[in-house]
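Below is one structure, written out as structure tokens, with a few remarks after it.
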Amino acid sequence: IKVDMDLSDFPFDVQAVAIRFFQQYDRAYKIVSPARFWAKGTESLYATPLSTTPSALVSEEWELHAPLVRHGLTLPEETISAYSQVAVQLPLSRKGGAYVGRFITLMAAMSLAAVMPLAVPGMEPGDMLAYEVGLLFAVVAFQLLVSSFLPVSSTVSLLDKYGVFLFVFVFVCMTAVTFEARRDAADDDGGGPDYAALAGWLLVGWGAFHA
């Protein structure tokens, strides 16, 4: 069964596989709920049950939840006449824990590493920027590596958005170091740049985004 997949919440996406059965030609039988097979007061003493087994491979990647089964009639606009039918919806949720351990944890550590130079006492702004530029190239290389493991899709997934945040956060750290160094150069009080306070504000923004 092929279905269109919505990968906007990848790797925590939930996909719905819809299956529909309807009785088209033989009107002598109807597709009914198993609870009505031996219901009291029925005219027939037997009924032919209909059982479905999902053929999709439910592996370590997916988890199959309780299916939703609905009995009713088809629309005459679709099947010319109204026939008894059963619609089955199989919800499959992706197990995103492995992606958190392999990708998101490393990406979060890389974003925190962008704040480390600001906490080192006596580090020059030029050395900080050199460190941030190297980290920025590492982020781009890691993002290309992650993309090679992900499904090919034009949809911007949740993991893609987190990768964009990682890139933007490192760039914001570079911009903050540059402006703080220029502010200190224009200030004549001799107090020096307050990189520790700047690191605190960046950590607050990092925590607010993840919260």
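The values are calculated or read from the model by the stated rules, or taken from the named source; none is laboratory data. Since we're looking at a predicted model, the values are computed, not measured. Neighbour counts run over all protein chains shown; Cβ positions are idealised from the backbone, glycine included. Heads up: the accessible areas ignore ligands, DNA and RNA and are worked out on the full protein's heavy atoms, side chains in. Shrake-Rupley method; radii C 1.70, N 1.55, O 1.52, S 1.80 Å.
Would you confirm, using the coordinates I've provided, whether VAL152 is closer than 30 Å to GLU61 by Cα and β-branched (Val, Ile, Thr)? Even if it seems obvious, please write down each step before you answer.
Numbers: closer than 30 Å to GLU61 by Cα: yes; β-branched (Val, Ile, Thr): yes.
So VAL152 passes the test.
Report the residue count in region 57-87 for those that are polar (S, T, N, Q) and within 30 Å of ALA98 (Cα to Cα).
The initial filter retains those residues of region 57-87 that are polar (S, T, N, Q), namely 59, 74, 79, 81, 84-85.
Checking the rest, the ones that are also within 30 Å of ALA98 (Cα to Cα) come to 59.
The total comes to 1.
Of all residues in region 162-211, those being of a type in the set (Val, Ile, Thr) and part of a loop (DSSP other than H, G, I, E, B) number 0. Scanning region 173-187 for residues that are exposed (fewer than 15 other Cβ atoms within 10 Å of the Cβ) and within 39 Å of the chain's Cα centre (by Cα) returns THR175, THR178, PHE179. Among the residues of region 102-128, those that are within 17 Å of ARG182 (Cβ to Cβ) and open to solvent by 40 Å² or more (accessible area, probe 1.4 Å) comprise MET123, GLU124, GLY126, ASP127. Across region 69-101, the number of residues qualifying as surrounded by fewer than 17 Cβ atoms within 10 Å (Cβ to Cβ), in a loop (DSSP other than H, G, I, E, B) and in contact (Cβ under 8 Å) with a residue 12 or more places away in the chain comes to 1.
For region 6-23, give me the residue count where each residue is part of a loop (DSSP other than H, G, I, E, B) and open to solvent by less than 70 Å² (accessible area, probe 1.4 Å).
Of the residues in region 6-23, the ones part of a loop (DSSP other than H, G, I, E, B) are 6-13, 23.
The next check asks that each one be open to solvent by less than 70 Å² (accessible area, probe 1.4 Å); those that pass are 7-8, 10-11, 13, 23.
Within region 6-23, residues that are part of a loop (DSSP other than H, G, I, E, B) and open to solvent by less than 70 Å² (accessible area, probe 1.4 Å) number 6.
Filtering region 138-172 to residues that are open to solvent by 40 Å² or more (accessible area, probe 1.4 Å) and farther than 20 Å from MET5 by Cβ leaves ALA138, VAL140, ALA141, GLN143, LEU144, LEU145, VAL164, PHE167, VAL168, PHE171, VAL172.
Yes or no, residue by residue, for (1) modelled with pLDDT of 85 or more; (2) among the β-branched types (Val, Ile, Thr):
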site: SER51; (1), (2): no, no
site: LEU92; (1), (2): yes, no
site: ALA98; (1), (2): no, no
site: VAL133; (1), (2): yes, yes
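Of all residues in region 124-147, how many are farther than 17 Å from ALA109 by Cα and not aliphatic (A, V, I, L, M)? The total comes to 5. Here SER154 meets the list (1) farther than 30 Å from PRO11 by Cβ; (2) of a type in the set (S, T, N, Q); (3) modelled with pLDDT under 90 almost entirely, failing just condition (1). For first residues located in region 129-148 and without any contact (Cβ under 8 Å) to a residue 24 or more places away in the chain and within 30 Å of ARG182 (Cα to Cα), partners that are open to solvent by less than 50 Å² (accessible area, probe 1.4 Å) and not acidic (Asp, Glu) and lie 6+ apart or on another chain with Cβ distances below 8 Å form the pairs TYR131/PRO117.
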